[in-house]
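Novice: Just dropping this structure here.
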Amino acid sequence: MQEMKRIFVSDNDRQLAATFCEYFADLINGRINRIGFATLAISGGRTPDMIFSELSNNFQDSVNWQKLLVYWVDERCVPPDDPESNYGRAARLLIDNVEIIPDNVFRIMGEHPPPEEVRRYSELLRSNLIIKNDKPCFDLIMLGVGTDGHTASIFPGQEHLFSTGELVAASVNPATGSKRITLTGPLINNASNIAVIASGHEKKNVISSVLDETRNERIYPVQFVRPEHGSISWFLTRDTLPDQQVIPE
Ligand code: 6PG
């Protein structure tokens, strides 16, 4: 089935954050109004920082935060108080600043031995989330894109994580050796809505390949993000686009 693919291009980070947060509020509130709650999985890295700050500063009263259940796309294998922790970053910039209920926050426990945490988080997702196509189905998954084309913590050379039968996996960032826990590709692609957010000219190469799949360069991991039944929306700043890029309708 042809996925619903939308591309939002912003002139700068501020506009990108504002555009995404309007999309976020509409989608999350709409889901809550329909079924009483919404499930979200968030990524780490720096890009979400501006999103979290915009949500904390300008969307405190625009989202039904108390009905939002928050999970993570990936986590570094560090304790929650480590500066590298994706959970720690999100807690400081968003969770502690809006009315998300602590019992509705389900962090990946990076301090646990990876095999144990992979099992625990898989079981948690399977018991907590709505099941679709025999896999947990998030209402919204927020993804970033690395300059090497990775997304979640699925790095070049780890594309098998897009065809595994597992829901969660352990991985390693080959550039830094940083151990990770990540949702796998089939779980990501089973979401009802996927939002990929990228800004910065350093991502132009990857985004160009995403926008023009005919480019016969390498296939980046983020290009394996293709929703099985849901929508995918790309939130990009103009400096990620190749020159004279025509945005496909
Ligand atoms: C992580 C993220 C990762 C991130 C990209 C982009 O834990 O690092 O989940 O997938 O989204 O690396 O990172 P930036 O937003 O910092 O460019």
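Novice: Take segment 165-198 and flag every residue that is closer than 27 Å to Arg31 by Cα, away from the ligand (no atom under 12 Å from the Cβ) and part of a strand (DSSP E or B).
Specialist: Val168, Asn193, Ile194 - these are the residues of segment 165-198 that are closer than 27 Å to Arg31 by Cα, away from the ligand (no atom under 12 Å from the Cβ) and part of a strand (DSSP E or B).
Novice: Do the conditions hold for Ala175, that is, is it of a type in the set (Gly, Ala, Ser) and either modelled with pLDDT under 95 or open to solvent by 70 Å² or more (accessible area, probe 1.4 Å) (or both)? Walk me through how you get there before you give the answer.
Specialist: Details: of a type in the set (Gly, Ala, Ser): yes; either modelled with pLDDT under 95 or open to solvent by 70 Å² or more (accessible area, probe 1.4 Å) (or both): yes.
The answer is yes for Ala175.
Novice: Here's a follow-up. Run down Ile131, Ile219, Ile197 and say which single residue is touching a strand residue (DSSP E or B) at 6+ places or on another chain (Cβ under 7 Å) and not small (Gly, Ala, Ser).
Specialist: On the way: Ile131 fails: touching a strand residue (DSSP E or B) at 6+ places or on another chain (Cβ under 7 Å); Ile219 fails: touching a strand residue (DSSP E or B) at 6+ places or on another chain (Cβ under 7 Å).
Exactly one residue qualifies, and that residue is Ile197.
Novice: The conditions are (1) part of a loop (DSSP other than H, G, I, E, B); (2) touching a His at 6+ places or on another chain (Cβ under 9 Å), and Arg120 fails exactly one of them. Which is it?
Specialist: Just one mismatch for Arg120, condition (1).
Novice: While we're here: Regarding Ser199, is this residue buried (at least 20 other Cβ atoms within 10 Å of the Cβ), within 24 Å of Met50 (Cα to Cα) and touching an Asp or Glu at 6+ places or on another chain (Cβ under 7 Å)?
Specialist: Details: buried (at least 20 other Cβ atoms within 10 Å of the Cβ): yes; within 24 Å of Met50 (Cα to Cα): yes; touching an Asp or Glu at 6+ places or on another chain (Cβ under 7 Å): yes.
Against the criterion (buried (at least 20 other Cβ atoms within 10 Å of the Cβ), within 24 Å of Met50 (Cα to Cα) and touching an Asp or Glu at 6+ places or on another chain (Cβ under 7 Å)), Ser199 qualifies.
Novice: Given the conditions (1) closer than 18 Å to Cys137 by Cβ; (2) more than 11 Å from the ligand (Cβ to nearest atom), which single one is not true for Ala41?
Specialist: All conditions are met except number (2).
Novice: Could I ask something else about it? In segment 134-151, what residues are under 11 Å from the mean Cα position of the chain (by Cα), open to solvent by less than 10 Å² (accessible area, probe 1.4 Å) and over 15 Å from Arg31 (Cβ atoms)? Spell out how you get there, then give the answer.
Specialist: Of the residues in segment 134-151, the ones under 11 Å from the mean Cα position of the chain (by Cα) are 138, 140-145, 151.
When the remaining residues are screened for being open to solvent by less than 10 Å² (accessible area, probe 1.4 Å), the result is 138, 140-143, 145, 151.
Matches in segment 134-151: Leu143, Val145, Thr151.
Novice: Among Ile108, Ile131, Ile100, which is touching a Phe, Trp or Tyr at 6+ places or on another chain (Cβ under 6 Å), open to solvent by 10 Å² or more (accessible area, probe 1.4 Å) and over 17 Å from Gln223 (Cβ atoms)?
Specialist: After ruling out the rest, the residue left standing is Ile100.
Novice: Moving on to the next point. For segment 123-144, what are the residues that are within 16 Å of the ligand (Cβ to nearest atom), farther than 19 Å from Glu84 by Cβ and part of a loop (DSSP other than H, G, I, E, B)?
Specialist: Phe138, the sole residue that qualifies.
Novice: Being of a type in the set (A, V, I, L, M, F, W, C), more than 23 Å from Val9 (Cβ to Cβ), in contact with a strand residue (DSSP E or B) (Cβ under 9 Å, 6 or more places away or on another chain) and without any contact (Cβ under 8 Å) to a residue 24 or more places away in the chain narrows it down to one of Val172, Val168, so name that one.
Specialist: Checking each option against the conditions leaves just Val172.
Novice: So, in segment 111-126, exactly how many residues are of a type in the set (D, E, K, R) and either touching a Ser or Thr at 6+ places or on another chain (Cβ under 8 Å) or open to solvent by less than 60 Å² (accessible area, probe 1.4 Å) (or both)?
Specialist: 1
Novice: So the check is Cβ under 8 Å with 6+ separation or different chains; which pairs have a first residue in segment 220-232 that's under 11 Å from Leu140 (Cα atoms) and a second one that's assigned to a loop (DSSP other than H, G, I, E, B) and open to solvent by 10 Å² or more (accessible area, probe 1.4 Å)?
Specialist: Gly230/Glu3; Gly230/Ser192; Ser231/Glu3; Ser231/Ser192; Ile232/Glu3; Ile232/Arg226
Novice: Taking Phe162 and the conditions (1) away from the ligand (no atom under 16 Å from the Cβ); (2) within 16 Å of the chain's Cα centre (by Cα); (3) open to solvent by 20 Å² or more (accessible area, probe 1.4 Å), which numbered condition does it fall short on, given that it satisfies the others?
Specialist: The failed condition is (1).
To keep it simple, each residue is scored yes or no on (1) of a type in the set (A, V, I, L, M); (2) closer than 16 Å to Leu94 by Cβ.
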{"site": "Ile7", "(1), (2)": "yes, no"}
{"site": "Ala17", "(1), (2)": "yes, yes"}
{"site": "Ile28", "(1), (2)": "yes, yes"}
{"site": "Arg31", "(1), (2)": "no, no"}
{"site": "Ala38", "(1), (2)": "yes, yes"}
{"site": "Gly45", "(1), (2)": "no, yes"}
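Novice: Still on this model: Considering only segment 199-238, state which residues are at pLDDT below 95, among the hydroxyl-bearing types (Ser, Thr, Tyr) and not in a loop (DSSP other than H, G, I, E, B).
Specialist: Within segment 199-238, Ser208, Ser209 meet the criteria.
Novice: Does Pro156 satisfy the condition of being open to solvent by 20 Å² or more (accessible area, probe 1.4 Å), over 30 Å from Gln60 (Cα atoms) and at pLDDT 95 or above?
Specialist: Here the answer is yes, as Pro156 does meet what is asked.
The values are calculated or read from the model by the stated rules, or taken from the named source; none is laboratory data. Keep in mind it's a predicted model, so treat the numbers as computed, not measured. Counting neighbours? That spans all protein chains shown, and the Cβs are built from the backbone with ideal geometry, glycine included. Remember, those area values only see protein heavy atoms, side chains included, never the ligands or the DNA or RNA. Shrake-Rupley method; radii C 1.70, N 1.55, O 1.52, S 1.80 Å.
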